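As structure tokens, the structure follows; a few thoughts come after it.
The values are calculated or read from the model by the stated rules, or taken from the named source; none is laboratory data. All values reported here derive from a predicted model rather than from experimental measurement. All Cβ positions, glycine included, derive from the backbone under ideal geometry; neighbour counts span all protein chains shown.
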Amino acid sequence: MTGAHSYGEYTTHLRELTADVTSGRPDLHHRLLASVDGEASEQLRRLVPLDYRRQVGAFFTPAPLKQRVSDLLKSRATSERYLDPTCGSGDLLLAASHALPIRESLKATLEEWTYRLHGWDINSEFVEAARHRLFIAALLRHGYQRLNKFPVADTSTYFTNVVVRDGLEALKEREAFTGHIVLNPPFNVVSSPLSRPWTARPTSAAALFTYQAANHLADGSYLTAILPDVLRSGSRYSSWRTQVDSILRRSSLDTYGQFDEHADVDVFLLDAKIARQKPLEISSEWWETTGHAEISSQSVNDFFSVRVGTVVDNRDPLDGPEYPFARARDLPASGEISTPARRRRFSRRVFEPPFVLVRRTSRPSTSQHQSRLSGVLVTGERAVAVDNHLIVASPRDGSLKSCQTLLEVLSSRSTSDWLDNRIRCRHLTVGAVREIPWLV
């Protein structure tokens, strides 16, 4: 029994719903529509404990994202087969079904969709829900009210390729699937030997699933994935991006935004074709910034040395000389301070004023009038120890004027627009700050 066993209450509802509609019960249309839209996610949040959802990364694809994937799939020639290796209750398989034709009868459609739609999930409750929802989607596409006779309403007869299976384990088989993988993988951090091509450290499960899915696909097949923005823009995933680029050719990257109101993480859509035999070339970065700010030949890095603060306050010993100590929680939102009031002993690198401090946490802008970044100018005459939750920008010319100019650059609308495309994850990287265009 898994932590998702309570979701069985909803699968029972779906089973009864399909039985009701095939027996001719009227006035079910609104219930059928709800079952293939956002209801499955609502029931997940109601029935399955949050701790378990976080543990296994069970956050079903919200309706707007599902529609975005559906539009993308319908924009190209229909693939012969679709596979979702983390299918949950089947949202992305439903998106794939929108790209499939219907046949002359409901039975023929169900048989063809059964051949074309494949899904895996470790939770049997989710798998059963996915099968019922696909059955209902076929009923709706056929205009079930006009049907005189229905096939047997037993979903075990159909969608037999949607099964209980460990998707990550199953994806180890190389170049085994020809068709199109659709993917909304778990976003939690895990340890696995499968990450060795790019790291020996714990890594995002989404990175593991995407890399394994790309390897599982035959050349010429397609991959469409909903992924956390850290994979696109985070510096610690640069090696992962290189590995993935050696397997596929990216068609598009869509910086979508926040996953949904219940999951505060920004995501992007990766759409790509598997092309292992492509000629060697220098892959472009996974972001495009030229359209979000005037082109500038200079960046912050030309004028400032940028690095993370060196104090890990809860770990570093209290030894060495005593210095003023800058912590993110003590700083004003913006503006200027002379010397931080807090003191701390520290034996490693400190910073000589003037310099600018930038918080490492930064939410993407939600308003045209909102600035994503702001800096705090530190003046004074004493060296300062700086917490590692802050980024320190020290002027190469040592001048106060350069720092004041940087404050203007950081708080500008053009910088917010540039950053929103360059990096939407919550933790800014030193690399992204260094690359900010110097527009003055």
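Check L227 against each of (1) free of Cβ contacts under 8 Å to residues at least 60 places away in the same chain; (2) in a helix (DSSP H, G or I); (3) not β-branched (V, I, T) and name the one condition it does not meet.
Condition (2) is where L227 drops out.
Is it true that some residue in segment 357-367 is surrounded by 21 or more Cβ atoms within 10 Å (Cβ to Cβ), at pLDDT below 95 and not aromatic (F, W, Y)?
yes
Check whether at least one residue in segment 208-220 is out of contact with any Leu (no Cβ under 7 Å at 6 or more places or on another chain) and buried (at least 22 other Cβ atoms within 10 Å of the Cβ), and report yes or no.
No, that holds for no residue.
Take the residues in segment 192-207 that are surrounded by fewer than 23 Cβ atoms within 10 Å (Cβ to Cβ) and in contact with a strand residue (DSSP E or B) (Cβ under 7 Å, 6 or more places away or on another chain); name whichever of them is farthest from E175 (Cα to Cα).
Step one: of segment 192-207, the residues surrounded by fewer than 23 Cβ atoms within 10 Å (Cβ to Cβ) are 192-203, 205.
Subsequent filtering for residues that are in contact with a strand residue (DSSP E or B) (Cβ under 7 Å, 6 or more places away or on another chain) retains 195, 202-203, 205.
On the way: S195: 18, P202: 26, T203: 23, A205: 20 Å.
Per the stated criteria, the residue is P202.
I'd like to know if segment 404-418 contains one or more residues that are modelled with pLDDT under 95, more than 30 Å from Q258 (Cβ to Cβ) and surrounded by fewer than 19 Cβ atoms within 10 Å (Cβ to Cβ).
For segment 404-418, residues modelled with pLDDT under 95, more than 30 Å from Q258 (Cβ to Cβ) and surrounded by fewer than 19 Cβ atoms within 10 Å (Cβ to Cβ): absent.
Assuming Q67 fulfils every condition listed in (1) farther than 24 Å from Y7 by Cβ; (2) at pLDDT below 95 apart from one, which condition is it?
(1)
Within segment 86-117, work out how many residues are touching a residue at least 24 places away in the same chain (Cβ under 8 Å) and buried (at least 16 other Cβ atoms within 10 Å of the Cβ).
22
Could you tell me how many of the residues in segment 78-136 are outside any helix (DSSP H, G or I), over 21 Å from R53 (Cβ atoms) and hydrophobic (A, V, I, L, M, F, W, C)?
As a first pass, look at segment 78-136 and keep what is outside any helix (DSSP H, G or I): 78-90, 98-105, 117-123.
Restricting the remaining residues to those that are over 21 Å from R53 (Cβ atoms) gives 78-83, 98-105, 117-118.
If we keep only those that are hydrophobic (A, V, I, L, M, F, W, C) as well, we get 83, 99-100, 102, 117.
Number satisfying all stated conditions: 5.
Across segment 162-206, what is the total count of residues that are within 28 Å of S251 (Cα to Cα) and part of a loop (DSSP other than H, G, I, E, B)? I'd like the intermediate steps shown before the answer.
At the first step, the residues of segment 162-206 found to be within 28 Å of S251 (Cα to Cα) are 162, 167-189, 194-199, 203-206.
Those left that are additionally part of a loop (DSSP other than H, G, I, E, B): 171-176, 178-179, 184-188, 196-199.
Final tally of qualifying residues: 17.
Considering each of V164, V182, V189 in turn, give the residue that is out of contact with any His (no Cβ under 9 Å at 6 or more places or on another chain), modelled with pLDDT under 95 and in the same structural domain as P228 (by TED's automatic domain parsing).
Working: V164 fails: modelled with pLDDT under 95; V182 fails: modelled with pLDDT under 95.
The conditions single out V189.
Report the residue count in segment 248-270 for those that are of a type in the set (D, E, K, R) and under 11 Å from L227 (Cβ atoms).
Of the residues in segment 248-270, 2 are of a type in the set (D, E, K, R) and under 11 Å from L227 (Cβ atoms).
Applying the selection to segment 389-440, what residues are more than 24 Å from L227 (Cα to Cα), in a loop (DSSP other than H, G, I, E, B) and hydroxyl-bearing (S, T, Y)?
S399, S412
Just a yes or no: is a residue in segment 20-34 under 21 Å from the mean Cα position of the chain (by Cα) and touching a residue at least 60 places away in the same chain (Cβ under 8 Å)? Give the steps one after another, and end with the answer.
Narrowing segment 20-34 to residues under 21 Å from the mean Cα position of the chain (by Cα): none.
Looking for residues that are under 21 Å from the mean Cα position of the chain (by Cα) and touching a residue at least 60 places away in the same chain (Cβ under 8 Å), one finds none in segment 20-34, hence no.
Of (1) in contact with a Gly (Cβ under 7 Å, 6 or more places away or on another chain); (2) crowded, with 24+ Cβ neighbours inside 10 Å, R81 satisfies all except one. Which?
(2)
Being on the phi > 0 side of the Ramachandran plot and part of a strand (DSSP E or B) is true for just one of G220, G257. Which residue is that? Break it down into steps so the answer makes sense when it comes.
Values: G220 fails: part of a strand (DSSP E or B).
None of the other options fit; the residue is G257.
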